[in-house]
Structure formats: C-alpha cells, structure tokens
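Participant: This is the structure, below, for whatever I ask next.
Read the figures in this text as sums done on the coordinates, not as results from a lab. Not measured: the values here are computed from a predicted model. Note that we place each Cβ from the backbone using ideal geometry, even for glycine, and neighbour counts take in every protein chain shown.
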Amino acid sequence: MLTLSVSLHHYLILAAVLFGIGLFGVLTKRNAVAVLICVELMLNAININLLAFNKYITPGDFIGQIFAIFVITVAAAEVGVGLAIIIAIYRNKLSVNLDEFDWLKW
Amino acid sequence: MSGFPVLTTILLAPVAAAVIMTFIPREEGKLIKCVAAVGTFVSMALSLYVYFSYDTALGGLQFAEKIPWIKDLGVSWFLAVDGISLPMLLLTNLIGFSAVFASWNVDNRPREFFILLCLLITGVMGTFVAHDLFIFLLFYEVVVIPIYILVIIWGSSKRVSKEYAGMKLTIYLLIGSAFLLVGIIAFFVKSAGILGGPDMSFTALAEAGKQLSAFDQTWLFALMLFGFGSLVSMWPFHSWSPDGYAGAPTAVSMIHAGVLKKIGGYGLVKIALYFLPLGAKFWAPYMAVLGVAGVTYAAFAALAQKDLKYIVGYSSVSHMGYVMLAIGSFNVIGINGAVANMFAHGVMAALFFSTIGFIYEKTHTRWIPDLGGLARQTPRLAVAFMLAALASLGLPGLISFIPEFTIFIAAFKVYGGLAVIGIAGIILTALYALRAGANTLFGPPREDYDHLKDIRGPEMVPLVVLGTALVAGGILPSLLFDMVNSGAVPLMTHVENVLKIGGVM
Amino acid sequence: MVEFAMHNAWLVPLLPALSFVIIVFLTKPWKRLSALVCVAGMVLSCVIATLAAYGVFTNHEFTEKPLVYAVRWFSMAGLNIDVGVQLDPVSAMMMFMVTLVGSLIFIYATGYMEGDPGYSVFFSYLSLFAASMLLLVISSNLLQMFVAWELVGLCSYLLIGFYSHKISAREAAKKAFITCRVADFGLLLGLLSLQIVFGTLNLTELAEKISNFGQYTSMGILTLITVLVFLGPIGKSGQFPLHVWLPDAMEGPTPVSALIHAATMVVAGVYLVGRTMFLFTEVPSAMELVAVTGGFTALFAASIAITQREIKRILAYSTVSQIGYMMLALGLGSLTASMFHLWTHAFFKALMFLCAGSVLHALHHKADVWEMGGLIKKMPITGWTFVVGGLAIAGIPPFAGFWSKDEILLAAFDTGHYVLFTMAALTAFMTAFYMWRMIFLALFGDEKPENHPHESPWNMTLPLIGLAVLSAVGGLVGTPWAPFWQEWIFFGHPHHAEPNYLIMIGSVVLAAAGIYLAYTLYCADKTKARAHALKERYKFFWTLSYNKYYIDEIYLWFNHTFIDGAARLFYLFDIYVVDGIIVNGIAAITRLSGEGLRVTQTGRLQNYALVFFLGVLAVAVVLAFTGPSVAAGLTGGVK
Amino acid sequence: MMAFLNSISWVAVAFHTLAAVVVISALLVVLVRNIVHAVLWLAVCFIALAGVFLTLDADFIALVQILVYAGAVCIMVVFGIMLIRRGNMGESNQFNRQVFAGGGVAVLVTLLSGVLSFRIRYAGSPPDVPENTVDQIATLLLSKYVIPFEVAALLLLVALVGAIFLAKEVKADADS
C-alpha cells in the first residue's frame, strides 16, 4: 500500500538534493549570472533545513524561522552586490564568461 | 638604585630617540643624527654605569626588574644582568653609539635609517638583558626586520646583490630562529609539566632543566645548537655571514658582526648550556670539531678574498669558531674565554667594519687590488685599520689576545691535538690580516686618492670609542675577566651539579 | 737611589712607553720635541736601569734568589696570571745593556732620520719598541714575556715597514711578522702546555716545579714542551730554518737594524732560552737540539754572508751567525758564555750597523760594497770605528768579541762536542774573512769618483765613538784572569773554566788568517782578479751561497702552492659547495617546488571552489565516519 | 475509498508533489541552455519552495519567499541579464570544462548530507505549532533579535550603496 508520510528526513534529503544541484551549478556554469542563480538555490536549501529543524526539533522557539529571514535578507543583498560586480566586470572585459577570468592567480 | 628601572631606561633611550626622530622633518639630517647620537649615548653611559657598579664579588643577577605580564604563559617583563650578559650589553652600546657616527654621512633617507638603526640596537640590547625566555625571543624577532630593510635599502652590491644579501641574512636568521623556537617551545612545555605551572624566567627554566632526561636534553640541545649555531655562523652554517656583511651598510655590518652574531654564542651559553647541561655535554665534542673546522676553513677562505668586507666576514666566522671551540671545551675557563672573546671580537669587528665603511665611502671601492698606499693619505684611517687588523690576529696588548689565550688553555686541556689545529689558525689570521693591511694601506700611494680627506670630527668617534676599548681591554684584561668570571663560575657550578645528578638518573 | 731603582724597576719599560704616548698624542707635530721626549725617556730609563743593575751586581744574594715584584694581571676560576718584575743578574745585565745601547742608537737616530717626513712617528715607534723590549727583559712571567715578545714583533713590523710606500719594505715587514708568527705558534703551544701541566707561568714557580717534574708529567711530554718553547726563539732569533725574515728586515732605517739586530729583538730568543734554562737543562735531547741548531745556523749563515754584496745584508747574515753562536753556547749548557757573547755582540754589532748607516747616509743609500771604496779617508770617524767593530767581531784580542767567542769555544771543547767545536771554529774563521772582506772593499782601496762621501754630523758620530769604546773594552769584564762576569751570570752554579791557551791562540790565529785572506783577495789585489777567479772556479757554490740556498724561493713556492692553493680551494668550496649546492640548493628546491605548486593556482574561481568542497568533504567524512577520538586527535583536542 | 482518502496525509502529498517540482525545476535551472529560461525555472522553483515552507508551518517565511525571491531576486537577475547579455541567448547558459568533476563533487556532497541526515534522532511526531507565527516572529525580531535585525537593515543599506557604486558607469578620467 502506498504510504505517503513526511518526516524531518524527507526535508533534509530534499535540502541535500537542492544543495547538490546548486553546488553542481556553481561549480560548472560558465555564465557568472548562472553561478549567482545557483548560489541562490544553495541558500534556499539551507532555508529548508532551518525551517525543518525549527519545526521538528525546537517547535516553539522560532529560531530557525528568524534565521531563515536573515538568510533571505543577506541573499537579497548578495544578489544585488553580486549583479553589480558582474556588471562592472562586464563593462571592463565585455564578458561574463568565468573561463576567461583567472585573476585569482597573483 | 633599587627603585630606578635602569635597564628599562637603557632599552628605551634609543626607542625614545626613534620616536622623536619621527617628528623631525626629513630635511633636518644633522638634527636627526644628533638625536640618534644622544639616544645611544644615554644608553651607553647608563650601561657603563651599570657595568662599573655591578658587584662582581657578589655576582648573580643584579639590577633586576620584574613585572608579571602574561600569567597563563608565565611570562613576565624580567630584565636582569649578570657577568655574562653585562659585557654583551656594554658591547652593544659601545658599538651602537659608534655605529651612529660611522653612518654620519648617510644622506639617503637619513630619518628612516636612524630610526631603524635605533630599533635594531634596542632589539639587540633586549636579548641580552632579558631574563625571561619569551622576552628574549621577542627581542630576537624585533632584530630581524630592521636588518632586512636596512640591507636592501642602504646596502651595496658587489659579488652578490644587496637584495640577495639581505634575503640570505634574514632567511638564515629566521630559519635559525624557527628551529630555536621549536626547541624552546618543546622545552617550555616540558618544563611547565615539571614545574607544575608555566614560568618563562631563566632561573625557573634552568631548575626545570635539571629534571629533564638525558635523551630529551640531547635532542632539544641539538635544535638550539642549530638555531644559535647558525646565528653565530657556526661552520657549515656560516655562508650568510660574508655575503651579508658585504651587502649590508656599514652600521649594520658593525652591529651584526659586532653584537647580533653574539646573540648566538650568548644563547648557547646562557640558554642552551644553562638549561640543558646533559645535552651540552653530549654535543660538546661536536661543537669543538665544528669550531675548529670553522676556524681553519674560514681563515683559509679569508686568505683568498680580495674584497675587504669579505675578508672581515670570513674572519668573523673564523673567530666565532674559537667561541664554539671554547663552549665545546665545556669548562669554566672555556666559558670565560668564549664570552670574553665575543666581547673582544665584537669591538674589533665593529672597528674593522667602520674603517672599511669609511674607506669605501671615500674611495668608492673595497676591492683590494684597487687600493694601496692609503697610510700616506689617510693616516688616522690607517691607524684604525691596523688596530683592528692587529686585534684580529690576536696581538697581545689588544683586547683579543687574552680571551684567545684563555680559549686555547681550555681547549688544549680537553682536546689536545684538535685544539692545536685551531690554534694554528693564528698563523693564517696573521697572514690575511697583514696582507689586507699591507695591500690597502701600504705600498706606493695612488694619485687618485691624493685628494681624500682623512677621517675627522664625528667620523673619529668609532675609532676613539672602540680603539679605547681595544687597548684598555688589552692592557687591563681584568676589567673584562672579573666580570665574565663572576657570571661563568655560577653557571658552570650549576652545570656540574646537574651533571652529577644526571649521572645518578 | 739604588734602592729606589731596584724596587721600582717597572719604571724602566714604563718611561719609554710614556714617551710613546706623549709623542703620539701630544708632540707629534713638533719633530725636535718628539725626538727629545723619546731620547729623554730612554736615557732616564737607562739611568734607572744602571742604578738597579748596580744594586743587583753588588749583592750576591740575587744570584740565588731573584728580586720579584708581581701583581695579579687577571684571574678566573682555575687560571691566574701575574705580571711583574724579576731582577737577577741576567735581567739586570740585559736591562742595562738594552737601555745603554738603546740610548746611543736613539741619539744616532736623531741625526740619521733628519729630514724624514715621518720623523716623529719614527721616534714613537722607537719608544714603543724600547718599552716592549724592556718589558720582555724584566718579565717575571712567561705570558707577560710572550706579550712583550709579540709587541716587540709588532714594533719590528712597524719599523721594518717604516718606508711603507716601498713595496719591498712592506713585504719585508709582513714577512718578518709572519715568520715570527709561525714560530710563536710553537711557543704559544709550549706556554699553554706549561700552564696546563704546571698550573703557573711564573718563572720562579716554574723553576721550582720543573726541578721535580716527575710529579706532574712524563719525560716525553716535557721534551715536547721544551721543543715547542724552543720554536719561538728559532723564529725570533732568526735561527735556521726561520732565519729568512732577518736579512729582509734591512729594509727598515738603519737605527732600526741596529736596534733589532744587535741590541734587542733578535737576542730576545736567546734571552728566552736563557730565562727558561731550568726547563731546557731537564731535557738533554732538547739541549742537543739547541746546540746543533745554533752551531749549524752559525756556519750556514756565515757561508751565505761570504758572497753577499749589500753592506747591511752581510751584517744581517753575520748577526744570524753570531746568534747561532749564542744558541750553541746555550745548548752546551753555558748560560755564562751565551750571555757574554750576547753582551759583547750587542756593542760591536750595533756599532757596525750604525757605521753602515753612516756610510749609507753619506752615499745616499747606495748599499753595494763593490761600489764603495776608500771611504776611510773621507769619513775617518766612521771608518775607524768600523774597523774597531771588525776587530771585535773577528775575535782579535783584546777587543770584546775575542773573550766571549773564546768562552763559547771553550765550552764546546770542555763538554766534548768536538764536531760543534769544529763548526764554531770554522765559523770564526769565516766571520773574520767576510767581515774584513766588507771592510776592505768599503773602506780601503781606491776611491770611486762618482761617490761624494762626507763625515756624518756629531749626533751620529758620538754614538759611534761610544759604541767603539764599549766594543773595545766590553769584553774585559769576563777575561779568564778576571772572571767577574762568570761569577754573576750563570745557571746552577758558577763555572770557572781554566784558561785554555791552545784554544785561545788557535782562535786568534784563525781570525788573523781570515783577515789576511780577505786582505790578499780584496785589498792588496787592486784588480780583484783572484777573487773573481775563485768565484768562477766554484761557480756552483757561489751561486748557491749568493742566492741564500734558495730557501726564500722554496718558502715562497710553498706558500703560493699550498697556503694560497688551500685558500683558493676552501673559498671555491665555500662558493660552490657550501653556498652553491647546499644553501642555494635549498633555496632552489624551495623555489622549484613553488614553481611546481604554482600550476595548481589556476586563478579560476570555480577551480578553487571545487577543491574547497573536496576539502570540506574530506573533513566531513573524517569527522563523521571516524570515532570521536580520531577526530579529536586531528583537530588538536578541541572539545 | 473514504477510508483511503482519510488515510492519505495531504500534507505528505503536498510535500512530495512540491518536492518533485522543486527538484525538477532546479535541475532545469542548471540544465537549460538559455539563461532567461533558467531564471524562469528558478522562479518556479522558488514558488514551489514557498509551498514546501507552508508544509513546515512557516507561512510568513513562505510569503517572504515569494515576495523576495520569486519577485525581487528573479526580476533583478533578469534585469542584470538584460544589462549584460548581447550574444546568442540560446547558448547563454553553458557548462565549463570541469562539469564531470563538479558533478561528482556535487553528488558526493549530496550523498554525504543525505546519509548524515539519517543520523539525526528526534522525538517522533512534531508537536503542534502555534497558529499565529507572524506575531511571535515580529515580537522576537524586535526584542530578542533586535540587534541582528538592525544589523541586517544596515547590511541591506550598505549592499544598496555598494551595488549602486559598483554598477555606476565609471568615468574615464574619474581618478585624475
């Protein structure tokens, strides 16, 4: 019989998968904007974790939720600054292809 | 005098001068030099006072100052002098003061130069008055940075570039100190276990050292021997010395060859030997062999040199070989000789380098075939040169003879034939010292140097100060030996006690 | 006065030292004043020395028990060194002789050095030299003696190299110092051994301890020590094989040659052996060594002197030879004869050097005797005093040299060393010959028209006359019929040899024969044809002798090949092995590994992130799948 | 049938459905070749995530998620793309050379987190959650967490200024 249930582990695995997908994107995408998007995915995976733990481990405390809010805040800021940086780079190099950038060398 | 922190004052006087100099506009070169001179003079005068008011009959630590600093590590601001550190302190100040005048003609960024020089002097002094291992290391590291900057900015390039020389000097110092640090930390950790709590003061650590097993002492001593040995340019860790001195500006060569190098010998006696007598006992013959190797090898190498600074560079390696031989002979006469010889060599090497500095400044060369006959044109410079050269070859009546004699007694007693090889070094020393003197000062005068001005005014200070020390120490060796002996006897008594206990364990 | 002088004999070296300091720091710009200070210091010190010597020689107790004043010089645990004054007949005689001859030479120098730009400096060196020498003479301690010994060496270095702008002078000075240094190395080892074995270097204490050395050491060690100590005198007194520096030392101004060769420095070696007779007499083999060295050197140097042309070189080799005599006497155990010869030799050799100086002064430093001739007519005082010196050194009675030489020959004969006796006698003959060869060539014969000699000023001739008188009568203090000398200066107990008329007459005959031969070859024969014929006939020996048996060349070759070779070898080793392979090798390894690792630094963000996550994975795996203990161990025990 | 329907946990159904949407849309974000499409799939993913958050009783967060992520972030990214991208949009979202290595690492990380998540032990069923979460969060944010809250505000301000500064056109002679 089909027994659909839901537990903390489900959420954690979902988060892990989402994090993995995000990480895969971060590591392998050529476009800087795509990397930024994938970072967002990873952050969301973290949020799932935070909320799941909040529900299953410390239900009355809201620590997880408040943390999630902060994460979202920081993520918003990060996207803003990140995009601005990408635009600035683009303006100089006329490219956002990360393969062409090896400035971390020196 | 109990209340007044005279040692701290000695340390702070050059620092104060450095601070004042930062507020003087860079154009005021003369004023900057005067401030530096006053700062170092205050230190020198106070250290002379300390030297002559130290009670040698009483011995032990005097003028002690102790303020707890970092409780968790047992560190305290513990300054004190005894018969071994006091000559070194005085030497530092004599040379420091002279070095300021030897660099009287520095016109390239004088302010930065003299600030760094003052800091360097303070650092060196600090290592000698510290009676706390942490403070010792702190000052030791303070020394490294000014040296590097001074060499690469104000140095001169000859066989090797000044950058190479500065790099070699600094890296060697750092490698030595890295090994040293490992040894010291390991020793400190073990000592904290023995003492039941951390304590960085020399006295406490020496007590802890008593209970360390022979095996531990042996490998700890090996680390320290490498660290201090490369600092004292023990063969074969000496090759920084000639290159470094050749690249360094005069004042740095003076201080480096004169006192900084002595930190190695001082550390071997006052730290390694004092804390780890059993280890020292094990390594003593090896030190003696390396010492003799250094003496002979460097003397021969000096003989092949044509650059004045290289000659003195190798000569100082050779003289430090005697110090190693003396420490290796492992008796109280040897320790006396080692410390006294460090003092003697310091004065002599500093005078030598200051003279060479002036010669280079005036003739723009240190290459011996390009020199000659300077005794006619610059007689006072020639006097300084000959004084240093004669002291270098151990002429009686100058300061280095009696220390060398003492070392020979100590070493000959213990090592016999090995010591004879070392003593034969005096022939080679005479060869290269006189050859350098003859080819630089004597022979037909050269016309291009007819216009040279002899040293005068402030330039005379190194000759007067160091020359006085050279002659006074030669005629009245007891000035030095009463002091050194008052420090060496308790040290060796401690060492022998430990050896007795160690035999039982 | 006498009392004061005896108890304050330390003033004797101190006064010249004071002159040195005064000249260097105060009177250097004023030439006359400097000379005055120097001479005054010396003369004053001579007065004190004379008084002290008078005190010693009027009281026989000092022959047994020397008067010693000493203070602690420096001390440390297990090593105490004194300095002091030891007055006994030997040191009193020496002190008197040095100050007396020294004073005369100093006066001479005021004239000889006239017009030299380094006038004041020269007198400061002279003062320092005198101070050092006198310090050596009065030393009560061997280390103190060594100090003075080295200082004397320094002064001779400075004085020989006085004309330092001349390359030859510079090299000669260096040679002198380094040759002596080689010898001093041995002496130093000897002193170290003495200190280590006997625990003292004080002469009186050493004498006591060595007389029963069996308590301290074995015969073998003592022999070694003695030979080591003897190395010092070999160098300083110019004995074979370290005599090479002495003839070269002629580069210095003539008063210096006189001072170094005659009165003071070179006899320091003899004096040292005399002072340590208590050591040498314990070791018969060492005594033999001393005697053989001395005898051989005497003959050897005489054989070189025969062919030399430069006036001062002839005198120099003659000095080497005469000191060989003194050593020979010492080796035979006759301190009396040795010191006696030292005493007379000081007068006549100083005289001859000063005469030579006077000649050179007149001839503007033309030194070859073959280019001189007939000088005695133009320079009567110099010439006749020179002749007195020649008679004294040849051993013609009643001049000084005869008595002392006779004493030595007698000692050799009496102790049964017949080979050495023969060598000494042969040397006496050769000495007479080459000395008179020089005198005949330089003073007699035809005048050379290109020379314009003139007699020297009074301050040069006066010392000549004084020394000539001393050379004439100085030996009378120790004739076999009035053995005043023999009663005072001895080792052990006074030795009265019966006058041996055979030897006496024989030596006079030998000397006369030598002079006669020289006369026939170089004076009577105006063309010198026979002399040249002889030279051609024995070309091989002549070349050998003229080139000093090539010993200098051998040393030079040795020095260049081995010492400098080793120096270059060590230096190259230092540059290419220690520095090149080891030090720079380590640096190169560091740099190369850096270059290698640099490849990993792609500079690409995503590369770094990849590695970063791999690292995270590794840490996480370790932390998650190993027990807490391993994790704790890896993280350093952080809880 | 009713029993069957009652036995179904609708929360579970909702979760699994939403989870499937999240995973699939996230994969599409990574895999599609057009970056604009990727952003659209990102929006889908975010909205589905908001649903997931609802199943976690975090209604306020869900709302914020939709507002901030699906709304602001996605729009901003699209604007960013418009500002910079002028080439062929069809190939604007490609992989670089380390795709396999990156994939491997990502899979490993996922596996490891998945495995590790099973280690967590907790009390069986979740207790009930208060009805009104917004009030409580608001109270907490303005009392206990007021300082982080203000810092976050400041951070946003700084980010805003920084972003403007960075993105602003730099004049060629600005520094001379």
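Participant: Given a cut-off of under 8 Å on Cα pairs at least six residues apart, what relative contact order in percent is computed for region A:9-98?
Facilitator: Numbers: 80 pairs, mean separation 26.9, N = 90.
Reported as a whole number, the value is 30 percent.
Participant: Within a 10 angstrom radius of the beta carbon, how do D:135, B:107 rank from fewest other beta carbons to most?
Facilitator: Details: D:135 11, B:107 7.
Result, fewest neighbours first: B:107, D:135.
Participant: On to the next question. Looking at region B:11-74, which chymotrypsin sites (Phe, Trp or Tyr not before Pro) are in a loop (DSSP not H, G, I, E or B) and have at most 11 other Cβ atoms within 10 Å?
Facilitator: Values: sites: B:23, B:41, B:49, B:51, B:52, B:54, B:63, B:69; in loops: B:23, B:54.
Listed in order of number, the matching sites are B:23.
Participant: Hey, another quick one. Which value at 222 nm does chain C reach when only helices count, each DSSP H run of 4 or more adding -39,500 (n - 2.57), with the total divided by all residues and rounded to the nearest 500 deg cm²/dmol?
Facilitator: Values: 31 runs with 439 residues, N = 639.
After summing the helix terms and dividing by residue count, I get -22000 deg cm²/dmol.
Participant: Find, to one decimal place in angstroms, the Kirkwood hydrodynamic radius of region B:159-232, where the mean of 1/r is taken over every pair of different Cα atoms and then inverted. Present the calculation step by step, with values, prior to reporting the outcome.
Facilitator: Working: mean 1/r = 0.0738 Å⁻¹.
Taking every pair of different Cα atoms in region B:159-232, averaging 1/r and inverting gives 13.6 Å.
Participant: Would you mind working out the magnitude of the charge dipole of region B:391-492 relative to its Cα centre, with +1 at each Lys and Arg C-beta and -1 at each Asp and Glu C-beta, to the nearest 20 Debye? Mind showing how you got there, number by number?
Facilitator: Working: 5 positive and 7 negative charges, 54 e Å.
Using Cβ point charges on Lys, Arg, Asp and Glu, region B:391-492 gives about 260 debye.
Participant: Taking the Kirkwood radius as the inverse of the mean 1/r across Cα pairs, report the Rg/Rh of region A:9-98. Each step should come with its number before you reach the end.
Facilitator: Working: Rg = 15.6 Å, Rh = 14.2 Å.
Ratio of gyration radius to Kirkwood radius: 1.10.
Participant: Additional query: List the chymotrypsin sites (Phe, Trp or Tyr not before Pro) within region D:72-120 that fall in a DSSP loop (any state other than H, G, I, E or B) and whose Cβ has at most 14 other Cβ atoms within 10 Å.
Facilitator: Numbers: sites: D:79, D:95, D:100, D:118; in loops: D:118.
Listed in order of number, the matching sites are D:118.
Participant: Here's a follow-up. Rounded, prolate or oblate: which fits chain C when a ≥ b ≥ c are the square roots of the eigenvalues of the alpha-carbon gyration tensor, with rounded for a/c under 1.5 and prolate only if a/b beats b/c?
Facilitator: Working: a/c = 2.25, a/b = 1.84, b/c = 1.22.
Prolate, because a/c is 1.5 or more and a/b exceeds b/c.
Participant: A further question follows. Please get the size of the charge dipole for the protein assembly as shown, origin at its Cα centre, with Cβ charges of +1 on Lys and Arg and -1 on Asp and Glu, quoted in debye to the nearest 20. Write down the numbers at each step before the final one.
Facilitator: On the way: 79 positive and 78 negative charges, 454 e Å.
In total the dipole reaches around 2180 debye.
Participant: In vacuo Debye scattering of chain B, one point per C-alpha: log10 I(q)/I(0) at q = 0.05 Å⁻¹?
Facilitator: -0.17
Participant: If exposed means no more than 15 neighbouring beta carbons inside 10 Å and the site is in a DSSP loop, what's the longest run of chain C without any exposed chymotrypsin sites (Phe, Trp or Tyr not before Pro)? Don't jump to the answer; show the numbers that get you there.
Facilitator: Values: sites that count: C:30, C:216, C:481, C:538.
Formally, the longest exposed-site-free interval is C:217-480.
Participant: Further, regarding this structure: Among C:599, D:44, B:332, which comes first, second and so on when ranked by fewest other beta-carbon atoms within 10 Å? Walk me through the numbers before you get to the answer.
Facilitator: Working: C:599 7, D:44 18, B:332 21.
Starting with the residue having the fewest Cβ neighbours, the order is C:599, D:44, B:332.
Participant: Relative to the longest principal axis of chain B, what angle (0 to 90°, nearest 10) does the C-alpha long axis of helix B:379-392 take?
Facilitator: Orientation of helix B:379-392: about 30 degrees from the principal axis.
Participant: Compare the Cα positions of C:544, C:296, C:583 along the charge dipole of chain C (+1 at Cβ of Lys, Arg; -1 at Cβ of Asp, Glu; about the Cα centre) and return the one farthest towards the positive end.
Facilitator: Result: C:583.
Participant: Let me ask you something else. Relative to the longest principal axis of the C-alpha atoms of chain C, give the angle of the C-alpha long axis of helix C:605-625, reported between 0 and 90° and rounded to the nearest 10°.
Facilitator: The two axes meet at around 80 degrees.
Participant: With an 8 Å Cα cut-off and a minimum separation of 6 or more residues, compute the relative contact order for chain B in percent.
Facilitator: 16 percent
Participant: Where in chain D lies the longest segment free of trypsin sites (Lys or Arg not before Pro) that are both loop residues by DSSP (not H, G, I, E, B) and have at most 10 other Cβ atoms within 10 Å?
Facilitator: On the way: sites that count: D:86, D:119, D:121, D:171.
Looking at chain D, D:1-85 is the longest stretch - no exposed trypsin sites (Lys or Arg not before Pro) with at most 10 other Cβ atoms within 10 Å.
Participant: Please list, or write none, the lysines whose alpha carbon is within less than 17 Å of the alpha carbon of residue B:158, excluding same-chain residues fewer than 8 places away.
Facilitator: Of all the lysines, those that pass the test against residue B:158 - Cα under 17 Å, at least 8 places apart if same chain - are B:168, B:306, B:309, B:362.
Participant: Could you work out how far helix C:219-236 tilts from the main Cα principal axis of chain C, as a 0 to 90 degree angle to the nearest 10?
Facilitator: 70 degrees
Participant: Roughly what would the spin-label model give for residue D:91 and residue A:63, points 7 Å off Cα along C-beta, in nm?
Facilitator: 5.1 nm
Participant: For a 29 Å ceiling on Cα separation, which of these pairs sit above it: B:33/B:71; C:236/C:349; A:29/D:168; B:71/B:281? Walk me through the numbers before you get to the answer.
Facilitator: Numbers: B:33/B:71 40 Å; C:236/C:349 17 Å; A:29/D:168 26 Å; B:71/B:281 33 Å.
Among B:33/B:71; C:236/C:349; A:29/D:168; B:71/B:281, the Cα-Cα distance tops 29 Å for B:33/B:71; B:71/B:281.
Participant: For a test of the definition: using alpha carbon positions, the gyration tensor, and the 1.5 limit on a/c, classify chain D as rounded, prolate or oblate. Walk me through the numbers before you get to the answer.
Facilitator: Numbers: a/c = 2.08, a/b = 1.35, b/c = 1.54.
Cα axes put chain D in the oblate bin.
Participant: Expected output is a single nm value to one decimal: the length gained when fully extending between residue C:59 and residue C:455, i.e. 0.36 nm times separation in residues minus the C-alpha distance. What is it?
Facilitator: Working: separation 396, 0.36 × 396 = 142.56 nm, distance 4.45 nm.
Computed gain between residue C:59 and residue C:455 is 138.1 nm.
Participant: Which trypsin sites (Lys or Arg not before Pro) from region C:159-230 combine a DSSP loop assignment with at most 12 other Cβ atoms within 10 Å? Display every interim value, and only then the final one.
Facilitator: Details: sites: C:166, C:170, C:174, C:175, C:181, C:209; in loops: C:166.
Taking region C:159-230 and a limit of 12 other Cβ atoms within 10 Å, no loop trypsin sites (Lys or Arg not before Pro) are found.
Participant: Report the paramagnetic label zone for residue D:134: residues of region D:68-84 whose backbone N is under 17 Å from a point 7 Å from Cα along the Cα-to-Cβ axis.
Facilitator: D:68
Participant: Could you work out the relative contact order of region D:6-90, using alpha carbon pairs under 8 angstrom and six or more residues apart, expressed as a whole percent?
Facilitator: On the way: 76 pairs, mean separation 25.2, N = 85.
Reported as a whole number, the value is 30 percent.
Participant: Using a Förster distance of 60 Å, how high is the FRET efficiency between residue C:582 and residue C:542, based on the Cβ-Cβ distance and rounded to 0.05? Each step should come with its number before you reach the end.
Facilitator: Details: r = 56 Å, r/R0 = 0.94.
Result of the calculation: an efficiency of 0.60.
Participant: Given B:395, C:511, C:311, which one lies farthest toward the positive end of the charge dipole of the protein assembly as shown, if we put +1 on the Cβ of every Lys and Arg and -1 on the Cβ of every Asp and Glu?
Facilitator: Ranked along the dipole, the leading option is C:311.
Participant: Further, regarding this structure: Please work out the FRET efficiency for the pair residue D:13 and residue D:144, using the Cβ-Cβ distance as r and a Förster radius of 41 Å; give the result to the nearest 0.05.
Facilitator: Working: r = 36 Å, r/R0 = 0.89.
The calculated FRET efficiency here is 0.65.
Participant: Helix-derived [θ] at 222 nm for chain D: sum -39500 (n - 2.57) over DSSP H runs of at least 4, divide by residue count, nearest 500?
Facilitator: Values: 8 runs with 117 residues, N = 176.
After summing the helix terms and dividing by the residues of chain D, the value is -21500 deg cm²/dmol.
Participant: Pick out, from A:32, A:42, A:56, the residue whose Cα sits farthest towards the positive end of the charge dipole of region A:9-98, with +1 on the Cβ of Lys and Arg and -1 on the Cβ of Asp and Glu.
Facilitator: My answer, from the dipole projection, is A:32.
Participant: What FRET efficiency do you get for residue A:92 and residue D:158 if R0 is 30 Å and r is their Cβ-Cβ distance, rounded to the nearest 0.05?
Facilitator: Calculated value: 0.85.
Participant: How long are the three semi-axes of the equivalent ellipsoid for the protein assembly as shown, computed from the Cα gyration tensor as the root of 5 times each eigenvalue, in whole Å, largest first? Display every interim value, and only then the final one.
Facilitator: Working: eigenvalues 1675, 214, 147 Å².
Taking √(5λ) for each Cα gyration eigenvalue gives 92, 33, 27 Å.
Participant: I would also like to ask the following. Per the Kirkwood formula on distinct C-alpha pairs, the Rh of region C:441-586 is how many angstrom? Kindly include the intermediate steps, with their values, before the conclusion.
Facilitator: Values: mean 1/r = 0.0434 Å⁻¹.
About 23.0 Å, per the Kirkwood formula over Cα pairs.
Participant: Classify region D:6-90: rounded, prolate or oblate, from the alpha-carbon gyration tensor (a ≥ b ≥ c, eigenvalue square roots; a/c under 1.5 rounded; otherwise prolate if a/b is larger than b/c)? Intermediate values should be presented prior to the final figure.
Facilitator: Numbers: a/c = 5.69, a/b = 1.90, b/c = 2.99.
It is oblate, given that a/c is not under 1.5 and a/b is not larger than b/c.
Participant: With charges only on Cβ, +1 for K and R and -1 for D and E, what is the dipole size of region D:1-125 about its Cα centre, in debye, rounded to 20?
Facilitator: Details: 6 positive and 3 negative charges, 81 e Å.
Here region D:1-125 has a charge dipole of around 380 debye.
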